[in-house]
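The next block holds one structure in the form of structure tokens; read it before the comments.
The values are calculated or read from the model by the stated rules, or taken from the named source; none is laboratory data. Remember, it's a predicted structure, so these values are computed and weren't measured experimentally. Positions of Cβ are generated from backbone atoms using ideal geometry, with glycine treated the same way; all protein chains shown enter the neighbour counts. Only protein heavy atoms, including side chains, enter the accessible area calculation; ligands, DNA and RNA are left aside. Shrake-Rupley method; radii C 1.70, N 1.55, O 1.52, S 1.80 Å.
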Amino acid sequence: MTAELDMKRIPEHIAIIMDGNGRWAMDRGLDRTFGHKEGVETVKKITSECARLGVKYLTLYTFSTENWNRPAYEIEALMGLVLSFVEMDLFTDNSIRFRMVGDMDRLPQSVQDKIHYMEDLTKDGKRMTVIMAMSYSSKQELTRATRLIAEEVKDKEGKLKAEDITEQTINDHLFTNFMPDPELLIRTGGELRISNYLLWQCAYSEFYFCDTYWPDFDEEALHKAIANYQSRQRRFGKTEAQVESEV
């Protein structure tokens, strides 16, 4: 399948909503937590393949702020899986940087400690950055950014004036200010929505939805998503003729 991809047009940044773990397990008569465990194995495969293809940023929607409403036992299991994920040698062995975006303060202290440790350990990784969106929601992120900007405008030292606020000002106050916006957003599991994920950042992302549950999403499925992305013309408000004349 790799041979069908244009290696010069691999997305720099891919964001993924990893949906369907629980349903995958329930279809097999298993507890939902088994699906999450299998989902971690898929994360390993897809991370490795993205690195091989030359993707520079991979953002994974791991746990939303809304997910705190799930049963306590499932949340506990998910936190344990997060610990197992960030302990992977995959990062250090492949020069992959690890980052987290979201409300760190809501996470168990053991998870916070491990995330801080891994972010520091892998800070010099050059091949790719894997971003875990954890205790994250885009509305929460935008509310936080608005509050921070408002505080700067209110500051008596006059660091920022209301009329000076630009799109870049907002970008600079988001959790994701260290990376480019995703060119491609993939959602597995058959749902056709983006569930409060990177709403600002995905303004011009290409969306790819598939019915495959995340535990069954493999390298071939990733290639299919990228090939679909490459079949589209990214115009950013221009006409088709304008884009073609710039090639």
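A few points about this structure:
- Listing of helices (runs of 4 or more DSSP H) fully contained in region 82-160 that carry 3 or more residues being open to solvent by 20 Å² or more (accessible area, probe 1.4 Å) and of a type in the set (S, T, N, Q): 109-121, 138-154
- Verdict on I14 being open to solvent by less than 30 Å² (accessible area, probe 1.4 Å) and in a helix (DSSP H, G or I): no
- For beta carbons closer than 8 Å, sequence separation of 6+ or different chains, a first residue in region 160-172 that is among the basic types (K, R) and a second that is surrounded by 10 or more Cβ atoms within 10 Å (Cβ to Cβ), the qualifying pairs are K161/V153.
- Residue within region 165-179 that is open to solvent by 10 Å² or more (accessible area, probe 1.4 Å), in a loop (DSSP other than H, G, I, E, B), at pLDDT 95 or above and in contact with a Ser or Thr (Cβ under 7 Å, 6 or more places away or on another chain) present: yes
- Pairs are defined by a Cβ separation below 8 Å, a sequence spacing of at least 6 or placement on different chains, a first member in region 31-47 that is under 15 Å from D19 (Cβ atoms), and a second member that is open to solvent by less than 70 Å² (accessible area, probe 1.4 Å) and β-branched (V, I, T); the pairs so defined are I46/I16.
- Answer from E191, E246, E219 - the residue that is surrounded by fewer than 20 Cβ atoms within 10 Å (Cβ to Cβ), under 26 Å from L53 (Cα atoms) and modelled with pLDDT of 95 or more: E219
- Residues within region 25-59 that are under 15 Å from the mean Cα position of the chain (by Cα), basic (K, R) and part of a helix (DSSP H, G or I), tallied: 1
- Where F63 falls short, out of the listed (1) of a type outside the set (D, E, K, R); (2) buried (at least 16 other Cβ atoms within 10 Å of the Cβ); (3) in a helix (DSSP H, G or I): (3)
- For region 187-205, filtering for residues that are of a type outside the set (K, R) and more than 18 Å from T176 (Cα to Cα) leaves 5.
- Meets criteria (open to solvent by 30 Å² or more (accessible area, probe 1.4 Å), touching a residue at least 60 places away in the same chain (Cβ under 8 Å) and in contact with a strand residue (DSSP E or B) (Cβ under 9 Å, 6 or more places away or on another chain)) for D19: yes
- S205 being of a type in the set (S, T, Y) and at pLDDT 95 or above: yes
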